[in-house]
Amino acid sequence: MVVITGIGLVSTLGKSLEESWQQLIAGKSGIKLHQPFPELKSYPLGMIEEEPMRLRTLTQLVVSMALQDANLLPPLTDCGVVIGSSRSNQGLWEKMMRSPDLPSICSEDWLETLPHMNAIAVARQIGSCGIVLVPMAACSTGIWAIAQAANLILTGQCQRAIAGAVEVPITPLTLTGFQQMGALANTGVYPFDLNREGLALAEGGAVFVLESEELALQRQAKVYGRVLSFGLTADAYHANSPDPEGRGAKQAIVQCLNSARLTFNDIDYIHAHGTATQMNDRMESKVIQQLFPQGVAVSSTKGATGHTLGASGALGIAFSLMALQHQKIPPCVGLSNPDFDLDLVKEIRSSKIHNVLCLSFGFGGQNTAMALTTYD
């Protein structure tokens, strides 16, 4: 059995898990109009500071928070490390390429900006000599990282792992690329809404301490919940469009629930991917309608946090665990006029929650589903 004993989270809603949660359940949004690059126009963005953050800085912060929350101190020599990011240090790469001092910068710093080095830095930070994994699966990275960490524990490769994803995607190239695809919102983010415009890129990260039940009981750790199961699939369909029938998404959900020996009726709340883009919300709604009974509660938190790309699933897992802890379903911030026949939660709702399903769907057709449950 795998349990979660620590959470570190920073989002545009707040610089801690509790602050972000309180803002979320109050229906607040951290998305504002910003112009971080003078050569580009203003966009609705989720920025933690006035200037784009550095990946290493944000990662160190959320890792420290997770360890403190779990009441752990380095060195953790046998702890697994599974830290992902879909963009990694792209912002630094773009900055270096624009610099007239490119040769001297590259000679000093380029090794530290390679995609795997952020996870290596976490291993150094916590003093781990254990396994280090660096998943990169677009917007499914966060859940994939937690799934890999859970698997390390289930297979006995380690008794504890620190896992999650961190993203600082606000760069000129990323903004321009999403704008060219027509995926960026112009005024705000409205998941599952009739008038949805698209997504807002955002910074954020969430990291978790996962432990075997035996280890958690041994040290009398507090437990947020259990990782029941997960499903990982690919569409094999298109580079940036989901399969409109959601075949891969359905397969990931079925795989997840079968592994946990759950039925569709056992899920009390679905934390949806809910990007507020036309294609994602349509596909995801169709999948939920076809698989689950009418009346299962659904919400997306991206109207509050923005879309943190690879970290979005990790943030979703954190908010799902808080829903289990507090028996409250967070609202779908930004939703006014639902476009789909789902039980979309517009305002915080007190409810009996035992099993939660968290979904993420990434570019390239990367599909992830993770089931969480309460722990007694």
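With the Cα gyration tensor of region 139-223 giving a ≥ b ≥ c as the square roots of its eigenvalues, does the rule (a/c under 1.5 for rounded; else a/b larger than b/c for prolate; else oblate) give rounded, prolate or oblate?
Prolate.
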Links exceeding 20 Å between C-alpha atoms in this model, out of 286/352; 15/222; 15/346; 302/346; 41/95, come to 286/352; 15/222; 15/346
Note: residue 154 to residue 286 extended length (0.36 nm per residue) minus current alpha-carbon separation gives 44.2 nm
Region 19-143: relative contact order from alpha carbon pairs under 8 Å, six or more residues apart, as a whole percent, is 28
Highest mean packing first, using Cβ neighbours within 10 angstrom, the peptides 4-14, 296-306 sort as 296-306, 4-14
Length gained if residue 327 through residue 28 is fully extended, taking 0.36 nm per residue and subtracting the Cα-Cα distance, is 105.7 nm
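Please state the relative contact order of the chain as a whole percent: Cα pairs under 8 Å, 6+ residues apart? Intermediate values should be presented prior to the final figure.
On the way: 989 pairs, mean separation 91.5, N = 376.
About 24 percent, as a whole number.
Computed from the coordinates by the stated procedures, all read-outs in this text should not be read as laboratory data. As the structure is a computational prediction, the values presented were derived from the model and not from experiment. We place every Cβ from the backbone using ideal geometry, glycine too, and count neighbours over all the protein chains shown.
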